[in-house]
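K.L.:
Below you will find the structure I want to go over with you.
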Amino acid sequence: MELIDGKAISAEIKDELKLKVEKLKSEGKEGCLAVIQVGNDPASSIYVKNKKKACEYIGIGSVSYELSENTSEEKLLGVIDDLNKNPDITGILVQLPLPSSICEDNIIKAISPEKDVDGFHPVNVGNLCGGRDCFVSCTPAGVIELLKRSNVDISGKSCVVIGRSNIVGKPMALLMLKENATVTICHSKTPNLKEVASKADILIVAMGKPKFVGAEYVKKGAVVIDVGIHRDENNKMCGDVDFEAVKDIASKITPVPGGVGPMTIAMLMKNCVKAIENK
């Protein structure tokens, strides 16, 4: 079994981007990421801090808007509108989840597709479906990089994605199709989940249930990518896959933490650099 090291791969990507940013600066192209956080959810605050740190590392500017928990949807839309019109801002990111009083969908749709570095806007999602160039949702894009840079051949392989969220499951399936995998999407209503999963050459798990996927879900020699992140009963970090039960069956597997997580921010930076290039 080989561990797929997301930390090392994401560091590699950030170093490549750093050089790209230097080159863009020499051509007079600069950019800035605006990060908006509503409320002070501790997990969101950590993510926002890490995003700012990554911007600093690769050499692009970042500004953050920390809005109070009771900010109205109207006020948030006003902030986004100002950022859309500001030519110095090349990327806009609204940290999810938002308070229940704000409609997430309205906020995602308000961000200009050219500045939507999260890849959630319907225009970018539609372009992904149509196989056109666009900003791709960062976590699934990160999984593709993990596979490619770990020398996993995707073409012709049977891939099972467990999970169908708009942020991970659906775009993940589309990206694997684009790489010529044969893709099956499973979810909570799939009756014979174990049976389907155990036929996969590449198993990607993004279902949001701690340690749900055990040995009987995994084919001998399969590549297992665990997108989940939770705290177990001992407050230790774990994923959707029961790592101890699966590690000796899989040929390659991502750990939690240190697998998919670091890749999400690396791919966000990749989208930020792409936005500067497109400017």
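K.L.:
May I ask what percent, to the nearest 5, of DSSP beta bridges between residues of the chain are antiparallel?
P.N.:
Within the chain, antiparallel bridges account for around 5 percent of the total.
K.L.:
Another question about this same structure. Multiply the residue gap between K23 and Y57 by 0.36 nm, knock off their C-alpha separation, and tell me the result in nm, one decimal place.
P.N.:
10.7 nm
K.L.:
Please get the size of the charge dipole for region 28-113, origin at its Cα centre, with Cβ charges of +1 on Lys and Arg and -1 on Asp and Glu, quoted in debye to the nearest 20.
P.N.:
Dipole size: approximately 340 debye.
K.L.:
Turning to a different aspect of this structure: Could you give the length gained by full extension between N106 and K85, i.e. 0.36 nm per residue of separation minus their alpha carbon distance, to one decimal place?
P.N.:
Gain on stretching N106 to K85: 5.8 nm.
K.L.:
What percent does the relative contact order of the chain come to when contacts are Cα pairs within less than 8 Å and at least six residues apart?
P.N.:
Once divided by the residue count of the chain, the mean separation gives 22 percent.
K.L.:
Same structure, new question: Sum up the charges of everything whose Cβ sits under 12 Å from the Cβ of E27, counting Lys and Arg as +1 and Asp and Glu as -1, but leave E27 out.
P.N.:
+2
K.L.:
K14: which aspartates and glutamates have alpha carbons under 13 Å from its alpha carbon, excluding same-chain residues fewer than 8 sequence positions away?
P.N.:
E22, E56, E145
K.L.:
Right, something else. Taking 0.36 nm per intervening residue step and subtracting the Cα-Cα distance, what contour gain separates M1 from D133 on full extension?
P.N.:
That pair, M1 and D133, stretches by 44.0 nm at full extension.
K.L.:
With an 8 Å cut-off on Cα pairs and a minimum separation of 6 or more residues, tell me the relative contact order of region 15-136 in percent.
P.N.:
25 percent
K.L.:
If you don't mind, another one. With each label point set 7 Å from Cα along the Cα-Cβ vector, what nm distance links D232 and N50?
P.N.:
2.0 nm
K.L.:
Suppose each label sits 7 Å from its Cα in the direction of the beta carbon; what would the A43-S68 distance come out to in nanometres?
P.N.:
Result for the modelled spin labels: 2.6 nm.
K.L.:
Given a cut-off of 31 Å, name the pairs among K109/K236; K75/K279; K52/K109; K157/K211 whose C-alpha atoms lie farther apart than that in the structure shown.
P.N.:
Those over the limit are K109/K236.
K.L.:
Report relative contact order for region 138-261 in percent, whole number only (criteria: Cα-Cα under 8 Å, sequence separation at least 6).
P.N.:
Answer for region 138-261 is 22 percent.
K.L.:
Can you give the calculated 222 nm mean residue ellipticity of the chain, where each DSSP H run of n ≥ 4 adds -39,500 (n - 2.57) and the sum is split over every residue, rounded to the nearest 500 deg cm²/dmol?
P.N.:
-12500 deg cm²/dmol
K.L.:
Alpha carbons only, please: Rg and Dmax for the chain, in angstrom.
P.N.:
Rg then Dmax for the chain, in Å: 18.9, 56.
K.L.:
Classify region 138-261 as rounded, prolate or oblate, taking a ≥ b ≥ c as the square roots of the eigenvalues of its Cα gyration tensor: rounded when a/c is under 1.5, otherwise prolate if a/b is larger than b/c and oblate if not.
P.N.:
rounded
Values quoted throughout were computed directly from the atomic coordinates according to the rules given, and no laboratory measurement underlies them. Computed from a predicted model, the values in this text were never measured in an experiment. Every residue, glycine as well, gets a Cβ built from its backbone with ideal geometry; the counts of neighbours run over all protein chains shown.
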